[in-house]
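In what follows, a structure is listed as structure tokens, so that the remarks can point back to it.
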Amino acid sequence: MKARGESRRGFTLIELLVVIAIIAVLISQLLPAVQSAREAARRIQCVNSLKQMTLALHNYHDTHGAYPAGYWYKAGYVWGGFGWAASTLPQMEQANLHNAMNMSLTAWHEANQTVARTHMQFYLCPSDETSQFGFLERYDMRFSMASYVASFGPGDMDEDPTDMRGVFYRNSRTSIPMISDGTSTTLALGERHNGKFGKHDAHNMNHAVAETVWMGAIRELPDDDHAHTTLFETASPPNSPEMTDKDCACRHPGMCNFSFMDGSVRAIKHTVDVRAFQALSTRAGGEVVSGDSY
């Protein structure tokens, strides 16, 4: 029992402030670890999506004798625009959505708007917050954003969309025997988020915003079918300050995920030598690329 007159002693203000300061320090130390763990989980999901999409490309090859075109095109834009991701919907267990597309028209025709506005979670990287359930708007049309693009190669798709050095290009019909560099050293798919690049937006305002959709190549001008909305070229390393909306970019720190034609998925650093990066994007260039160069 307390003696008469003995007072109950509580925490002083200084003691409370010290405890609060200690808790704040602990939280500040734990937060980066929590964020790192979350990013690791998102990266694993991104890798798994790339593997599934590349497997779908191979299943398409088994059925049709070649990989799907980077995107389809017919002179005069009577029909076309549908890209590799739209073509492989049946292999991604989305046959009903594929059947709902009217491929006798264009991908940007109003008859295909319901399909074009459908968000596909497996075409979205969880680290790509700018693309989650977003839309690319062209005139009165809206197209669901995506996070993945197919490898066009080292050329300029604006100057020559039929450049055949990569696996995927306008009306391409590439088969495994045509990949003489080897499937394990030839790029298939890569990452590109939507939205501004950051440092690059003051460099070239016409190509300062990344545009990626799963539907395919979305026409904007009479002589430009916007191949970059579904393909990527290797003019610059991933996330380079010099990149344009035709290159690769992602939200993962220090690297981007890429799948190769053998189905493997590997991380390529933002500091990769552009010559090695371009060599990986050719299917029959005869280059020798060592694993430690990227």
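Throughout, read-outs are computed from the coordinates displayed, never taken from laboratory work. Because the structure is a prediction, the values reported are computed rather than measured. So basically every Cβ, Gly included, is an ideal-geometry build from the backbone, and we count neighbours across all protein chains shown.
Return the loop-located trypsin sites (Lys or Arg not before Pro) in region 51-130 (DSSP other than H, G, I, E, B) with at most 12 other Cβ atoms within 10 Å of their own Cβ; answer none if there are none. When the trypsin sites (Lys or Arg not before Pro) of region 51-130 are filtered for loop state and at most 12 Cβ neighbours within 10 Å, 74 remain.
Please report the spacing between the Cα centers of region 95-110 and region 205-260 in Å, no decimals. If we compute the Cα centre of each part, the gap is 23 Å. When the chain is treated as a GNM with alpha-carbon contacts under 10 Å, the residue of 123, 60, 139 showing the greatest mean-square fluctuation is 139.
On C-alpha positions alone, give me the angle between the axis of helix 13-64 and the longest principal axis of the chain, in degrees, nearest 10. Helix 13-64 sits at roughly 20 degrees to that axis. Since only 261, 136, 208 are under comparison, the one whose Cα sits farthest along the positive direction of the charge dipole of region 40-293, derived from C-beta charges on Lys, Arg, Asp and Glu, is 261. With the Cα gyration tensor of the chain giving a ≥ b ≥ c as the square roots of its eigenvalues, does the rule (a/c under 1.5 for rounded; else a/b larger than b/c for prolate; else oblate) give rounded, prolate or oblate? Prolate shape, in that a/c is at least 1.5 and a/b is the bigger ratio. Compared with the direct C-alpha span, the chain from residue 39 to residue 74 gains 8.4 nm at full extension, assuming 0.36 nm per residue. Projecting the Cα atoms of 119, 166, 78 onto the charge dipole of region 40-293 (Cβ charges, centred on the Cα centre) puts 119 farthest toward the positive pole.
Counted by Cβ distance under 15 Å from residue 120, the other residues give a net charge of 0, where Lys and Arg count +1 and Asp and Glu count -1.
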